[in-house]
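Heads up: the structure comes next, in structure tokens.
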Amino acid sequence: MKKTLAVVIVALVFSLPLSSIAGHVYFTGDTWVGVYKFDVPTGERDRWDSARQDTPPLPPGKALRVAKEFARDVPLPKGWLRWVPEPGGVVMYCVSTSGAPEEWIYVIRFYAIPEGQPRNPPYPEINIPVRMDGSIPEPVVTKKAS
């Protein structure tokens with residue numbers, strides 16, 4: 001069971017639209033209204049020594065609540081009702097293992113729910129990074145033409 005869960009988590013992490021350099025992670029999300037780009041320079045506030053501490057500084061439930069609050073302010077295209085977290089979409093991502101303790105962030109994936117009748121994918125989506133101190137980096141938003 002643990003191996004299966006690890007494979008699922010790894011698969012989810014590697015399917016996210018992100019890139020990283022040691023101590024630095026970039027995320028993008030296309031909401032169809034705009035493109036959100038998160039530049040996350042990691043450091044002390046993202047540290048968690050998973051070898052010595054059983055729980056991260058920020059519990060996953062708190063990270064999810066912080067991301068939900070942020071998602072409320074992300075505009076939706078016409079015909080879409082609200083942002084919802086994707087099932088299994090709360091992932092911890094180890095950004096740097098070069099030092100101890102490691103640097104970690106959460107990535108919470110959201111997708112939009114359509115108004116009225118269900119639609120075929122793709123749906124608007126956004127990946128929201130949450131740091132171990134509970135903060136979300138300020139994204140650069142490029143609005144799309146209407």
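No value in this document is a laboratory result; all are computed from the given coordinates. On a predicted model such as this, the values are computed, not experimentally measured, just so you know. Reconstructed Cβ throughout: ideal geometry from the backbone, glycine too, with neighbour counts over all protein chains shown.
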I want the local charge near THR142. Using Cβ-Cβ distances under 15 Å, sum +1 for each Lys or Arg and -1 for each Asp or Glu among the other residues. 0
Would you mind ranking GLU125, GLU103 by Cβ crowding within 10 Å, fewest neighbours first? GLU125, GLU103
